[in-house]
Amino acid sequence: MTELAPDLAEIISPLVALRRDIHAHPELGFNEHRTAARIAAELRAAGLEVHEAIGGTGVVAVLRAGNGPKTLGLRADMDALPIDEQTGLPWASTRPGCFHGCGHDGHVAMLLGAAQYLACDPGFSGTLNLIFQPAEEGLGGARRMIEDGLFETFPCDRVYALHNWPGLPAGTIATRAGAIMGAADKFVIRIQGRGGHAALPQDTPDALLAAATLVQQLNTIVARDVPPSASAVLSVTQIHGGHAHNVIPAEVQIVGTVRTFDLAVQDRIEDRMRQILRGVEAGFEVSATLDYDRYYPATINDAEAAEDALAVAAKVGTALRAPEPAATSEDFSFMLQRRPGAYIWLGQGRGAEAPALHNPRYDFNDEVLEIGVRLHIALARHWLR
Ligand SMILES: [Zn+2]
Ligand SMILES: [Zn+2]
C-alpha cells in the first residue's frame, strides 16, 4: 500500500462540516436531489468526470489513472429514513419526518473524502468508479442503477461498500466470506370467507379463525422445516379484519416478513407457506392468496474479495472476521449478484448504550470518517495496484 500523503487531515475537517450539512438536509429514497447536487459539485471541484441521474438520483464519478486494465466500484448510499430525529444536536434534521438514521450521510462523506484524496494522488493504475446510490432503504436504488446500465457504462471487476456498524468498536473493520446480511421478503396473505351473522357460525366460513390458525402454523415453519444448521426468521407483524362485534368478517389480511441467508431455505419457507395455506383453505372453507415479495436478496460476499478486504483493513485499523451474518438486509446485494465484491462493516464504537441504526437518537460518529476514507483509498490501491 502506498503511504498516504500528509494532507489527509486537510480533507477530513471540511468533511465533518459536509457530513453535518447533509445530515441537516436529509432526503428520502429517489428524492436525494440536494444531496446528489452537492456530491456532484464536490466531485467536479475535485476535477473528476461526473455522471448524474443514473438510476434516478444516482451519481457516478470516474477516476482513471495509468493504463492498468482493472476496474473497481466503491459504493455509498445517500438516502435518509422517514423518522423524526430526537438527537437535539446542532446539526439535527431540519425536515420533520426525515432523518439520516442509518448513517448514509457518513457513507457519502467518507467516499467523497476518498475521491478528493485520490483525485490528487491516485497511487494506482486502472479505473475507479465512485458510485453514489439512491434509495437503499427498501426502494432498491441499487437495482435501479443496475437496470440503468451501471455496470455496462462503468465496468467494475469488483465492488465494495462500507456500512457503519454501531455494535463494533471505532476503528474495527469487519466482514466475512459468504452471507453477511439476510434476504428480506414481505408477505401479504388475504383470507376470503363470505361474511355473515356472528350468531349463525354454521352458515359462515370464519376467515378470522382461519387467520388465527394460520398465524400459529406459520410460526412452526422455522422450527420444523428449516434445518437446525441454517437460520431464518419469520415474523407475522399485522392482522387486519373485522369491524363489528356481531359480524363474521368476509376478509382478513395477514402481513409479515421472512429473513434468510440461503436461497434453498428461502424457497423452502415460501413453499411451506403455500402448502399451509392450502390446508387452511380446506379446513375452514375459505380461499386464501399469498403475495410473496422477495424485495432484497441475501448479501453474499465473494470469498476472495472478503479476504482481500480483511487484509487491507488490517493495515488501516483492526480487522475482524465477522463470526455471523446480520438478519438485516441491504440492496448492495443486487450489485453482489452481478459482480464479485464484499460488504464491509465499519465500527462506530460508542459503547453498548449507543443508539442502534434506525433509532431516532442515532448519529454517525464523525471520529471514524478518517478511517473510512483511509479504507476506501486502501481498497482502491490494493485492487488497482
Ligand atoms: Zn438502514
Ligand atoms: Zn443503511
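The values are calculated or read from the model by the stated rules, or taken from the named source; none is laboratory data. The model shown is predicted, which means the values in this text are computed figures rather than measured ones. Note: ideal-geometry Cβ built from the backbone for every residue, glycine included; neighbour counts use all protein chains shown. The area values use the complete protein model at the heavy-atom level, side chains included, leaving out ligands, DNA and RNA. Shrake-Rupley method; radii C 1.70, N 1.55, O 1.52, S 1.80 Å.
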- Out of all the residues in the stretch 169-189, is one or more polar (S, T, N, Q) and open to solvent by 20 Å² or more (accessible area, probe 1.4 Å)? no
- Item | Residues of the stretch 232-262 that turn out to be open to solvent by 40 Å² or more (accessible area, probe 1.4 Å), closer than 22 Å to Asn301 by Cα and without any contact (Cβ under 8 Å) to a residue 60 or more places away in the chain, as a count | 0
- Test Gly141 against the criterion of being in contact with a Lys or Arg (Cβ under 8 Å, 6 or more places away or on another chain), over 15 Å from Phe154 (Cα atoms) and buried (at least 24 other Cβ atoms within 10 Å of the Cβ), and give yes or no. no
- Report the residue count in the stretch 82-103 for those that are within 14 Å of ligand 2 (Cβ to nearest atom) and within 12 Å of Tyr362 (Cα to Cα). 6
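Yes or no, residue by residue, for (1) within 25 Å of Glu147 (Cβ to Cβ); (2) among the hydrophobic types (A, V, I, L, M, F, W, C):
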site	(1), (2)
Thr257	yes, no
Arg274	no, no
Tyr296	yes, no
Asn301	yes, no
Asp308	no, no
Ala322	no, yes
Phe332	yes, yes
Trp345	no, yes
- Query: Could you count how many residues in the stretch 120-142 are more than 16 Å from ligand 2 (Cβ to nearest atom) and of a type outside the set (Ser, Thr, Tyr)?
  - Reply: 9
